[in-house]
């Protein structure tokens, strides 16, 4: 049993069926990569895991998504869900406030007011996101003054501050230079000791480098799921093989 299990998950935007019956168990404390060509449903699938699609008009979901056995679409409080399942987006989106306040934002919303406790959470989260040493002397400075790679690590720190169980990363390195990308990949490998990471990536080398498991999506279907090494070296489905060898996509 995975930490997140989806069973026969369908999703429609209006009349368009974006996910066609996805059944997938995601193991805890591992990195699972979702790969596939643009528009194949991988980001849509990722967003069902913390109900980000609730915000889309005309979106309808059927099937089950369970977080540690509990159906997230049946009566689970969305704020509680998003505390347990954090998200880092493709484009870094720090709030226009200080570095410190960005990280303290979530804990404050969840009722933590004690300054010493907030200081501790901010430092811990920035350390976990491997950015503490770069920013510890400018915590009061506006986060928008940071470089793109730093902003993205700040967004990871912000997600970690509320101690989620799962971290969703939606192409979180696609807008970054190779050095920043490599820092975030190292960071993901480090974080899986404490968190479960599910990442959408267009970059197959990245999936091969850092993920433990890979799911290949195509036109709203999940074609194949398995250990990354096996999926890349001996794919079971011809379509997976065609995609990873670059014949299409």
Exercise. Hey, any hits in segment 36-53 for a residue that's surrounded by fewer than 21 Cβ atoms within 10 Å (Cβ to Cβ), touching a strand residue (DSSP E or B) at 6+ places or on another chain (Cβ under 7 Å) and in a strand (DSSP E or B)?
Worked result: no
Exercise. Has segment 193-202 got any residue that is closer than 17 Å to residue 125 by Cα and surrounded by fewer than 19 Cβ atoms within 10 Å (Cβ to Cβ)?
Worked result: yes
Problem set entry | Subset tally (residues that are surrounded by 14 or more Cβ atoms within 10 Å (Cβ to Cβ) and either in contact with a strand residue (DSSP E or B) (Cβ under 7 Å, 6 or more places away or on another chain) or touching a residue at least 12 places away in the same chain (Cβ under 8 Å) (or both)) for segment 102-118 | 7
Seminar exercise, completed: Log entry, pairs with first residue in segment 61-80 being without any contact (Cβ under 8 Å) to a residue 24 or more places away in the chain, second being part of a strand (DSSP E or B) and surrounded by fewer than 16 Cβ atoms within 10 Å (Cβ to Cβ), beta carbons closer than 9 Å, six or more apart or on different chains, reads 71/64; 72/64; 73/64; 74/64; 76/70
Exercise. Give me the pairs: first residue in segment 123-150 and touching a residue at least 60 places away in the same chain (Cβ under 8 Å), second residue part of a loop (DSSP other than H, G, I, E, B) and loosely packed, with under 15 Cβ neighbours inside 10 Å, beta-carbon distance under 8 Å, and six or more apart or on different chains, which are they?
Worked result: 128/194
Exercise. Scanning for something at pLDDT 95 or above, in a loop (DSSP other than H, G, I, E, B) and closer than 23 Å to residue 52 by Cβ, does segment 96-105 turn up at least one residue?
Worked result: yes
For this session: Can you tell me which residue among 173, 214 is surrounded by 21 or more Cβ atoms within 10 Å (Cβ to Cβ), part of a loop (DSSP other than H, G, I, E, B), touching a helix residue (DSSP H, G or I) at 6+ places or on another chain (Cβ under 6 Å) and touching a residue at least 24 places away in the same chain (Cβ under 8 Å)?
Result: 173
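Yes or no: segment 52-64 includes at least one residue that is within 19 Å of residue 21 (Cβ to Cβ) and modelled with pLDDT under 95.
Yes, some residue in segment 52-64 is within 19 Å of residue 21 (Cβ to Cβ) and modelled with pLDDT under 95.
The values are calculated or read from the model by the stated rules, or taken from the named source; none is laboratory data. As the structure is a prediction and not an experimental result, all values here were calculated from the model. Positions of Cβ are generated from backbone atoms using ideal geometry, with glycine treated the same way; all protein chains shown enter the neighbour counts.
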